Amino acid sequence: MSENVDKIKDLILEAAEKAKKDTAGEPAPETPQKLEWPIQATLGPGLEGAIACETNVGYVNGAKGWLVYRGYDIFDLAANCTYEETAYLLLHGELPNPQQLNLFKNKFLDYKNITETQRLLMSFPIEEMHPMAALRFGVGLLRQKQTYRDKDKGISTFPEAVSSDDDSIAMETIPRGDKTATYVFPNQSYQKLQGVETNLLGSEDVESCYHLIAGLAAIAATVARIRSGHLPLEPDPSLSHAGNLLYMMTGRRPTPVEERIMDVCLILHADHGMNASTFASMVVASTLSDIYFAVDAGVAALSGPLHGGANEQALLMLQEIGGPENVDAWYKKAVSEKRKIMGIGHRVYKTYDPRARVLGPMAEFLAKENSGVQPLMETAKALEKQASQDLGAKKNLFPNVDFYSGLVYHAMGVPSYMFTPLFAVSRVAGWTSRILEYLENNRIFRPRASYTGFFGKTVLDFRQSTPASN
């Protein structure tokens, strides 16, 4: 079995080598430089092209097909690290040494024990809720049980930081915002409050991030168990974060191969630039709300069909096609109907998504041992070939992270309704890392809208022009 686990690393390194060759003609990016604010940028709808902040956490290059965490290439991390190491890297900026990693792993294991939160979760009709709604609900319960923010003495308006309209005054200043409108948590807000239970914490520090990363995995697993009619499971100390996630969801101890592949999946999804859910969580945090509420916003944004959930739709698409022999006819019909090919193309990447380069071989590796998945895998390969020859050549649209990830999860026995929650379970490391980084020099997000309405209307004119009712 260890040989099979070693094979996973070989497949990732092979994918890395292929990616390097395929994009060799693209120029490498310039050495990163600190920005001199204010800057000029070309903007599109939805803040496309906007530069909201500087970051050391992660980097995406769509032309080169690069995904980088804290300077480390995603292929290197997927081949040689665990999710625990990757989460530590994102949060702290450096990979952990053996002692730091051991302490970190023990905290993750301990913080998965959220029995009080699970009991509260089970008292509601979770099986009737959308899994992402249940996940959001669980984050709120986790906040209530782990922090003192809902206690009377834990409530704070942070008057030292900002009054009600200071942000608007600064940001509406023409032609640009006031440089001095930078608001940070006052130091005392980090201190342990007197008069609250000793087991309750604040919600602005890295320890809260540990609780959220571990806790969100336990909540997702609890949701999966409840929906399948079973009671939640406690974590197994012998398993990794990824292994426990699979075990606590399915009730079955994963094989070493499954555990390692889930580890790789979590690493690949941990961060990805200023995507919608990351931005949503940072916007909430910038108001000096707490990290639990900010992560709740990230989960909410991820639940939208334009962000999370595409891998579930991609799996349904492959099942609908019915086999590799049907791909040609199905594809022609889909193109003629201008139907979106799920899992093909990405907002950022103009080459093959590096995450898909890894997940494709992972799916194929699992399919070899799973007769039920093999036809779906053959269908996916045939569809990829068809789409790449057509859309790849015409529009630089290639498989993205969602094209194969659903197949990988399906092969490991994860129900499709849990695919998007798994995305959140991984991405919470990126959300919290970027929140902590941004709060070091916080400025509340306050973009402007271009007003296209009218001036000069009066209520009197309206009433005089409106016929009186009989």
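Quick one: in region 274-294, which of the residues that are within 10 Å of the chain's Cα centre (by Cα) and assigned to a helix (DSSP H, G or I) is surrounded by the most Cβ atoms within 10 Å (Cβ to Cβ)? Walk me through it before giving the result.
Filtering region 274-294 down to residues within 10 Å of the chain's Cα centre (by Cα) leaves 275-278.
Now narrow it down to the ones that are assigned to a helix (DSSP H, G or I): 276-278.
On the way: 276: 16, 277: 26, 278: 24.
Per the stated criteria, the residue is 277.
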Across region 322-345, which residue is modelled with the highest pLDDT among those that are touching a strand residue (DSSP E or B) at 6+ places or on another chain (Cβ under 9 Å) and part of a loop (DSSP other than H, G, I, E, B)?
343
Residues (assigned to a helix (DSSP H, G or I) and out of contact with any helix residue (DSSP H, G or I) (no Cβ under 9 Å at 6 or more places or on another chain)) located in region 346-374:
none
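Could you check, for region 27-48, whether at least one of its residues is under 26 Å from residue 363 (Cα atoms) and not hydrophobic (A, V, I, L, M, F, W, C)? Please lay out each step first, then the result.
Applying the first criterion (under 26 Å from residue 363 (Cα atoms)) to region 27-48 yields none.
The answer is no, given that none of the residues of region 27-48 is under 26 Å from residue 363 (Cα atoms) and not hydrophobic (A, V, I, L, M, F, W, C).
Checking the condition at pLDDT 95 or above and under 13 Å from the mean Cα position of the chain (by Cα), which residue from 236, 271 passes? It would help to see each step written out before you state the result.
Details: 236 fails: under 13 Å from the mean Cα position of the chain (by Cα).
Being at pLDDT 95 or above and under 13 Å from the mean Cα position of the chain (by Cα) holds for just one of 236, 271, which is 271.
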Within region 347-365, of all residues that are within 18 Å of residue 306 (Cα to Cα) and surrounded by fewer than 24 Cβ atoms within 10 Å (Cβ to Cβ), the one modelled with the lowest pLDDT is 347
Subset of region 417-467 (residues that are farther than 30 Å from residue 127 by Cα and among the small types (Gly, Ala, Ser)):
433, 449, 450, 453, 456, 465
Kindly provide the set of residues from region 1-38 that are assigned to a helix (DSSP H, G or I), in contact with a Pro (Cβ under 9 Å, 6 or more places away or on another chain) and not polar (S, T, N, Q), ordered by number.
5, 8, 11, 12, 14, 15, 16, 19
Looking at region 383-436, which of the residues that are acidic (Asp, Glu) and surrounded by 20 or more Cβ atoms within 10 Å (Cβ to Cβ) is nearest to residue 261 (Cα to Cα)?
402
Only one of 41, 63, 50, 79 is outside the structural domain of residue 429 (by TED's automatic domain parsing), over 25 Å from residue 279 (Cα atoms) and either assigned to a strand (DSSP E or B) or aliphatic (A, V, I, L, M) (or both). Can you tell me which?
79
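The values are calculated or read from the model by the stated rules, or taken from the named source; none is laboratory data. Remember, predicted model here, so these are calculated numbers, not experimental data. Note that each Cβ is placed from the backbone with ideal geometry, even for glycine, and that neighbours are counted across all protein chains shown.
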